[in-house]
1. Looking at the stretch 215-225 only, could you name the residues that are touching a strand residue (DSSP E or B) at 6+ places or on another chain (Cβ under 7 Å) and either small (G, A, S) or surrounded by 16 or more Cβ atoms within 10 Å (Cβ to Cβ) (or both)?
2. Determine the pairs where a residue that is without any contact (Cβ under 8 Å) to a residue 12 or more places away in the chain, located within the stretch 170-197, has a partner that is assigned to a loop (DSSP other than H, G, I, E, B) and crowded, with 16+ Cβ neighbours inside 10 Å with Cβ atoms under 7 Å apart, the partner being 6 or more residues away or on another chain.
3. Go through the stretch 135-172 and give me each residue that's in a loop (DSSP other than H, G, I, E, B) and of a type in the set (S, T, N, Q).
4. Kindly indicate whether D223 is in a helix (DSSP H, G or I) and of a type in the set (D, E, K, R).
5. In the stretch 84-115, what residues are of a type in the set (S, T, N, Q) and under 16 Å from the mean Cα position of the chain (by Cα)?
6. Just one of (1) in contact with a Pro (Cβ under 6 Å, 6 or more places away or on another chain); (2) within 24 Å of R21 (Cα to Cα) trips up A232, so point out which.
7. Specify the residue that is surrounded by the fewest Cβ atoms within 10 Å (Cβ to Cβ); the eligible residues are those in the stretch 241-263 that are more than 25 Å from the chain's Cα centre (by Cα) and in contact (Cβ under 8 Å) with a residue 24 or more places away in the chain.
8. Given the conditions (1) modelled with pLDDT of 95 or more; (2) among the basic types (K, R); (3) closer than 24 Å to R186 by Cα, which single one is not true for R126?
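The values are calculated or read from the model by the stated rules, or taken from the named source; none is laboratory data. Everything quoted here is computed from the prediction, not taken from an experiment. FYI the Cβ positions are ideal-geometry reconstructions off the backbone, even for glycines, and counts take in every protein chain you see.
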Amino acid sequence: MQTILGANGQIAVELARELRRGHCDGLRLVSRHPRKVNDDDTTVAADLLDAAQTAAAVEGSSVVYFTAGLPPDTALWERQFPTMLRNALDASRAAGARFAYFDNTYMYPQDSRLQTEATPFAPVGRKGRVRAAMASMVLEEMARGDMPVLIGRAPEFYGPGRTQSFTNALVIDRLKAGRTPRVPVRDDRLRTLIWTPDASRALAALGNAPDAYGQTWHLPCCDERPTYGQFADMACEVFGREPSHGVIGKWALIAAGLVSPRVREMWELLPRYEHDNLFDSGRFKRRFPDFRVTSYREGLASIRAGS
């Protein structure tokens, strides 16, 4: 039995499909209000803030995947994320399970250096500090060696379904609505984006590879690195539109954040859009040479076909 904690998000949904497709016969989906992805999934309603509920949900699992998400609310992250992760780690250890942690890059420096698994943490802002503390918690568990643990880390998403990212909101969703895409801060900086189904497939591969544990892995991204403007123009072409995009300047975003809490939550990420974003996933590709990474055009075409 393999178990996904935080089972309603897009990463978890794609992970459930991939695990059932090729890695396990029994799958348990856990969240406050879980929904089946595959017909034979087992669903368990549990609050990950409750240690006893988390332990009961994990009992009998061979592998536990932590893919839980929260709305982009800094105070909520600070209050809830560390407790959820601690409960998940404790429950997985007690169950004798392996633990696969799905992570992001909020704790990395927001500059142009190449990001590898050895990049030191240098978080900018409160959400970045939360994610750094959570990753450190998992690394400490990994170092203790009481259970097999791995980290699968992804850069910014783009993808189908309910994928939540600035790229989806500002580029893809606007194109679906017949509007001109926009990019934040600058359009001439290189971007590394990950196709959400690729991230989920990669996490499933890692979780079922015994030699992957005890390590951090960058999940696989397309080797092509367009600028944000080039990506937006490519999306226009795929959606049958003339290439065109706008740029939302840094100071415009800061001003908008004064009246919009949602935009204000983006402030601490603005430095990353002033620089090239270079995320290296070569180590994963060397370990899994047959893993096929989706190109940007393929991903965008898939989104359009499913619109």
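1. Scanning the stretch 215-225 gives T216, W217, H218, L219, C221, R225.
2. R174/P181
3. Listed by number, the residues that qualify are T163, Q164, S165.
4. So D223 fails the test.
5. N104, T105, Q115
6. (2)
7. S244
8. Unmet for R126, out of (1) modelled with pLDDT of 95 or more; (2) among the basic types (K, R); (3) closer than 24 Å to R186 by Cα: (1).
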